[in-house]
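Okay, structure first, notes after.
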Amino acid sequence: MTRIPVREAQENSQLHEFRNQVNDALAAFDEKDFERWEQERHTPREVPAALGRAGVFRRRWEHGAEQGLPQLVTMAQELYRSSSGAAVVAMGHSEIFIGALRWLGETPYQLSLLEEALDGKTIGCFGATEPHGGSNLRGLRTTATAVEGGWRLRGCKRYISNVGRADYILVLAKPENPAHVSDLSLFLLPLDHPGVSVDGFFDTVGLRGCDAGQVTFDATLQSDALLGKPSIGLLYATHLLQFERLAICAQLTAAADTALRLAVAYARRRTTGDARIMDKQAIRHRLATCRAELWNLESRLAELVGVAQRSGRMPAHEISALKLTAGDITGRIIDTALQIFGARGYSTNFPVERLWRDARLSRLGGGTDEVLADLVASGLDRRDPVSDELLSRLEALDVPAYPLGHHD
Ligand SMILES: Cc1cc2nc3c(=O)[nH]c(=O)nc-3n(C[C@H](O)[C@H](O)[C@H](O)COP(=O)(O)OP(=O)(O)OC[C@H]3O[C@@H](n4cnc5c(N)ncnc54)[C@H](O)[C@@H]3O)c2cc1C
């Protein structure tokens, strides 16, 4: 995609250096490569490997999960501006696979995997979704059975990003006879292990630079394939998904910024009659509204990063709320850009149609709009003594204002 560089005015020198580090790693590839990955429907392993070699993943994680969020945002935005596929590959590898190993890894095998992942020598992806559904993780059917010396993992995961080029999939599975519906655990499954088969890939509307495939497995694994403690895998996955959601929000702001800036440039150049379309109020005001909405999103993203850094914990409800609105708002901004470009916006000669197709995934992946809205609503549906008390007083005073005949 034609790359519009980010505005760097308010960036501190550390982050500026990190941005350069990401771009230096990407310098080995050019626009023809980005285009070829879209045609081939895979981002080559060489991309996360180059990021690893350049120290990008180590730098993102060196000060901790929350302290490294500015680097997460920068990495997501920079990669997305070049290749949405590469951004998704790096997100799954860094925020879920490395994030899980760094948080939960204990055994020599797990710790050596972490080192390889940080260097980009081993690449990971994440498998929660199954053919019968992805929103309800409590309903997963993949099973993990304790056998002598390890585990037998049986199941099928579907729509898994980068399963075609990764080495490992982090699998969410339940026991054959779970004690309760949330009894899930996380497992490290090598994709070249006997009994594991990547069945193929789905053709998708957008994000074609990253494969989305299906993997089926009946595999016997060593005991330390289990990552973290058994039965609390859902809690682990829910926490890790907060990082993915923030990365998606960062990707979306990059996409919307590119689309909006292009649309403004076009509106200033394109004329209708003897006026620029930028001079038409219908266009001008739409662009202004888009700019205002994008500023709001960018500010909120920066604010949540700051909250997480200061408190050392991820504000889960706020992050879900941000992703819920970011998907909708950026979708509208990019749609407006496409509209302003007229037929050119719909043509593949201009990058707006691709941004438009790519952005749509955000309302499904990493938690659908409906699932996120439910999460936010669960935070709302609580007692609020101040408002409850005020409402009681208002209700007590809720009587007719004037007696009969007052104005007669
Ligand atoms: C390109 C692509 C890449 C992906 N990458 C990955 C990946 O790397 N790893 C992975 O695990 N998954 C991945 N997914 C899967 C994605 O996470 C799921 O599609 C998503 O979680 C929804 O699951 P589902 O498609 O099975 O829809 P379903 O769960 O069947 O839901 C269908 C619809 O019903 C709605 N719905 C479901 N439950 C409720 C409810 N309780 N209340 C109201 N509405 C509800 C949903 O919001 C949705 O609109 C990917 C998907 C795509 C398309």
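The values are calculated or read from the model by the stated rules, or taken from the named source; none is laboratory data. Worth saying up front: this structure is predicted, and the values here are computed from it rather than measured. Positions of Cβ are backbone-derived with ideal geometry, glycine not excepted, and every protein chain shown enters the neighbour counts. Quick note on the areas: whole protein, heavy atoms, side chains included, nothing else; ligands and nucleic acids left out. Shrake-Rupley method; radii C 1.70, N 1.55, O 1.52, S 1.80 Å.
Tell me the accessible surface of Leu246 in square angstrom (1.4 angstrom probe, heavy atoms of protein chains only), to the nearest ten.
Surface open to solvent at Leu246 totals about 0 Å².
For the chain, modelled as a Gaussian network with Cα springs under 10 Å, which listed residue fluctuates most, Arg269, Arg357, Arg60?
Arg269
Given a 1.4 angstrom probe, what's the average accessible area per residue across the stretch 13-122, in square angstrom? Don't skip to the end; give the middle numbers.
On the way: 4100 Å² over 110 residues.
So the stretch 13-122 comes to 37 Å² accessible per residue, rounded to a whole number.
Going toward the positive end of the dipole of the chain, with +1 on Lys and Arg Cβ and -1 on Asp and Glu Cβ, which of Cys156, Val181, Phe57 do you reach last?
Of the options given, the answer is Phe57.
Just name one of Phe243, Phe217, Gly312: the one whose Cα is farthest towards the positive end of the charge dipole of the chain (beta-carbon charges, Lys/Arg +1, Asp/Glu -1).
Phe243
Roughly how big is the stretch 242-339's charge dipole about its Cα centre, with Cβ charges of +1 (Lys, Arg) and -1 (Asp, Glu), in debye to the nearest 20? Can you show the working numbers first?
Values: 15 positive and 10 negative charges, 57 e Å.
Rounded to the nearest 20 debye, it is 280 debye.
Once you put a point 7 Å from the Cα of Phe202 and another 7 Å from the Cα of Thr289, both along the Cβ direction, what distance in nm separates them?
3.2 nm
Once you keep just the Cα pairs under 8 angstrom separated by 6 or more residues, what percentage relative contact order results for the chain?
Values: 671 pairs, mean separation 62.3, N = 408.
15 percent.
For the stretch 125-231, report the accessible area per residue in Å² (1.4 Å probe, heavy atoms, rounded to an integer).
Values: 4620 Å² over 107 residues.
For the stretch 125-231, the per-residue accessible area is 43 Å².
Tell me, what is the 1.4 Å probe accessible area of Tyr402, in Å² to the nearest 10?
140 Å²
Dipole of the stretch 125-231 (Lys/Arg Cβ +1, Asp/Glu Cβ -1, origin at the Cα centre): which of Ala144, Gly133, Phe201 lies farthest to the positive side?
Looking along the dipole axis, the top candidate is Gly133.
Go ahead and set up a Gaussian network model of the chain, Cα springs under 10 Å, then flag whichever of Gly312, Gly366, Gly327 fluctuates most.
Top of the fluctuation ranking is Gly312.
Placing +1 at every Lys and Arg Cβ and -1 at every Asp and Glu Cβ, with all other atoms neutral, what dipole size does the stretch 125-231 have around its Cα centre, in debye to the nearest 20? Don't jump to the answer; show the numbers that get you there.
Numbers: 10 positive and 11 negative charges, 59 e Å.
Dipole of the stretch 125-231, to the nearest 20 debye: 280 debye.
For the chain, what is the charge dipole size about the Cα centre, in debye to the nearest 20, if Lys and Arg each add +1 at the Cβ and Asp and Glu each add -1 at the Cβ?
Details: 47 positive and 52 negative charges, 209 e Å.
Charge dipole of the chain: 1000 debye, to the nearest 20.
Where is the GNM fluctuation largest for the chain (alpha-carbon springs, 10 angstrom cutoff): Arg245, Arg208, Arg291?
Largest GNM mean-square fluctuation: Arg291.
Roughly speaking, what is the stretch gain from Tyr402 to Glu389, that is 0.36 nm per residue apart minus the C-alpha to C-alpha distance, in nm to one decimal?
Values: separation 13, 0.36 × 13 = 4.68 nm, distance 2.52 nm.
Length gained between Tyr402 and Glu389: 2.2 nm.
May I ask you to list the residues of the stretch 178-195 whose amide nitrogen lies under 14 Å from a point 7 Å from Cα along the Cα→beta-carbon direction of Val147?
Residues passing the 14 Å test: 193-195.
Using a 1.4 Å probe on the protein heavy atoms only, what accessible surface does His406 show? Give it in Å² to the nearest 10.
110 Å²
How much length is gained if the chain between Ser299 and Asp328 is pulled fully straight, taking 0.36 nm per residue apart and subtracting their Cα-Cα distance, in nm to one decimal?
Residue separation times 0.36 nm, minus the Cα-Cα distance, leaves 8.8 nm.
Less than 9 Å Cβ to Cβ from Ala87, Lys/Arg counted +1 and Asp/Glu -1: what total charge do the surrounding residues give?
Numbers: positive: Arg81; negative: Glu78.
Counting the neighbours of Ala87, the net charge comes to 0.
Mind ranking Phe202, Phe243 by accessible surface for me, highest first, 1.4 Å probe? Write out the running numbers ahead of the final one.
On the way: Phe202 65, Phe243 5 Å².
Of Phe202, Phe243, the descending order of accessible area is Phe202, Phe243.
At a 1.4 Å probe, what is the % contribution of carbon and sulfur to the accessible area of the chain? Please list the in-between numbers first.
On the way: 10170 of 19570 Å².
Its accessible area is 52 percent carbon and sulfur atoms.
Along Cα→Cβ, 7 Å out, is where each label goes; now give me the distance between the ones at Glu370 and Thr272 in nm to one decimal.
Roughly 3.8 nm, to one decimal.
How high is the FRET efficiency between Ala282 and Ser223 when r is their beta carbon distance and R₀ equals 51 Å, given to the nearest 0.05? Please list the in-between numbers first.
Values: r = 65 Å, r/R0 = 1.27.
The computed FRET efficiency comes out at 0.20.
Summing Lys, Arg as +1 and Asp, Glu as -1, what charge do residues with Cβ under 14 Å from the Cβ of Ala219 carry, Ala219 excluded?
Working: positive: Arg152, Arg154, Lys157; negative: Asp192, Asp218.
Net charge in that neighbourhood comes out at +1.
Any chance you could run the full-extension gain for Glu40 through Val181? It's 0.36 nm times the residue separation minus the Cα-Cα distance, nm to one decimal.
Difference between extended and current length: 46.8 nm.
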